[in-house]
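Take a look at the structure set out below.
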Amino acid sequence: MKIYEIKDYIYTIDTETGNESEIISSYILNTERPAIIESGPSSIVKGFLSIADEIGINVNDIEFIFLTHIHLDHGGGVGLLSKIFKNAKVIVHPYGVKHLINPEKLWNASKTILGKIAELYGAPVPVNSERIIAPKDGETISLGNERIKVIYSPGHASHHVSYFLEKSSTLFPGDSAGISHDGYVIPTTPPPCDFDKSIESIEKMRVLNPEYIAYTHFGLSDANNLLEKIEEKISEWRRIAVSSKSVEDMHNTLLDVDEDYQYFWKKMKDSKFADNFFRLSLEGFLSERK
Ligand SMILES: [Zn+2]
């Protein structure tokens, strides 16, 4: 685990999950009230101790751990992390609360869907219910010299939340605006997903007009037209899914016609996580065909 990039008080952390770089980021906000956005999976959270130390944040001073959703790569480590940062409150969508208190069902479902990758992420451990805050849509939470706004963003998951840092105009969309790197962006949509809701959520985030987007997969980027682009791409992929016979068929079509897909395939095809980001995502599109 290492500090990947620093912008003002926003530290992009490369969690180096499974010893692979540029797959899963987490963010530490060195604000007056310090916070973490995305715990990452259980297997990497110990690394936060030395990173906090490197930044100069005392373990007792982290006040919040914000989760975009409970999928293991984003929030699986939060139980362990809450034991390291003993004063931190955990922020999650109301639908996610019961899975943090009792993660057994989440773990079993993850093993079924993700197979070996779930073992690589590691099992989630429970969070004490008194530590959990489930904010309302649109609520703002003060970080002292910064404010963070909660934006419910269902689609990728019904309990998905995005966060917007108001002063630094930075959006943390979790998985609700795809995966992005170097200006390329593609959807991440394992079943069950709801594309109509995804589009509505992206529209909601576009209204905020962020200058920067801090992706979990992967890194902080200028916002440019990335939200418009992912919105169009979801519609385009839905059309492609309708005329595709199988995951392989859709994969081949995308390799032919979609330069963003080509970019990510080239970058990640040999990754342990490739199956996660390609086959599962296309299955999402094929299972939601209308
Ligand atoms: Zn997810």
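In this model, which of LYS2/LYS167; LYS98/LYS204; LYS105/LYS229 are farther than 28 Å apart at the alpha-carbon?
Values: LYS2/LYS167 26 Å; LYS98/LYS204 26 Å; LYS105/LYS229 35 Å.
Beyond 28 Å between Cα atoms: LYS105/LYS229.
Taking K and R as +1 and D and E as -1, what net charge do the other residues with C-beta under 12 Å from the C-beta of PHE48 add up to?
0
Quick one: what are the phi-derived ³J(HN,Hα) couplings along the range 247-257, Karplus 6.51/-1.76/1.60 with θ = phi - 60°, whole Hz, x for glycine and proline?
Residue by residue, the range 247-257 yields 4, 5, 4, 5, 4, 5, 4, 5, 4, 6, 10 Hz.
Please express the Cα-Cα pair-distance distribution P(r) of the range 2-225 as a list of whole percents, one per 5 Å bin, running from 0 to the bin with the greatest distance.
Calculated P(r), rounded to whole percents: 1, 7, 16, 21, 23, 18, 10, 3, 0.
What net charge is computed for the residues neighbouring ILE84, neighbours being all others with C-beta under 13 Å from the C-beta of ILE84, Lys and Arg scored +1, Asp and Glu -1?
So the surrounding residues net to +2.
By how many degrees, 0 to 90 and rounded to 10, does the Cα axis of helix 104-114 deviate from the longest principal axis of the chain?
Tilt of helix 104-114: around 40 degrees.
Put +1 on the Cβ of every Lys and Arg and -1 on every Asp and Glu Cβ in the chain; which of LEU114, HIS99, THR68 then has its Cα farthest towards the positive end of the dipole?
So the residue we want is HIS99.
How much of the DSSP beta bridge set in the range 2-225 is antiparallel, as a percent to the nearest 5?
So the antiparallel bridges amount to about 75 percent of the total.
In debye, nearest 20: dipole of the chain around its Cα centre with unit charges on the Cβ of K, R (+) and D, E (-)? Intermediate values should be presented prior to the final figure.
Numbers: 31 positive and 42 negative charges, 176 e Å.
Charge dipole, the chain, about its Cα centre: 840 debye, nearest 20.
At 1.4 Å probe radius, can you tell me the per residue accessible area of the range 2-225 in Å²?
Details: 8740 Å² over 224 residues.
Normalised by residue count, the accessible surface of the range 2-225 is 39 Å².
Sorted from largest down, give the three principal axis spans of the alpha carbons of the range 146-290, whole angstrom values.
Reported extents, whole Å, longest axis first: 48, 30, 25.
Expected output is a single nm value to one decimal: the length gained when fully extending between ALA274 and ALA109, i.e. 0.36 nm times separation in residues minus the C-alpha distance. What is it?
So the chain would gain 57.5 nm between ALA274 and ALA109.
How do the peptides 29-37, 267-275 rank, highest first, by the average count of neighbouring beta carbon atoms within 10 Å per residue?
29-37, 267-275
May I ask which residue of HIS251, THR140, SER168 lies farthest towards the positive end of the charge dipole of the chain, with charges of +1 (Lys, Arg) and -1 (Asp, Glu) on Cβ and the Cα centre as origin?
Farthest along the dipole direction, towards plus: THR140.
The values are calculated or read from the model by the stated rules, or taken from the named source; none is laboratory data. Values in this document were obtained by computation on a predicted structure and should not be read as measured data. For neighbour counting, all protein chains shown are included, and Cβ atoms are generated from backbone atoms with ideal geometry for every residue, glycine included. Please note that ligands, DNA and RNA were not included when accessible areas were found on the heavy atoms of the full protein model with its side chains. Shrake-Rupley method; radii C 1.70, N 1.55, O 1.52, S 1.80 Å.
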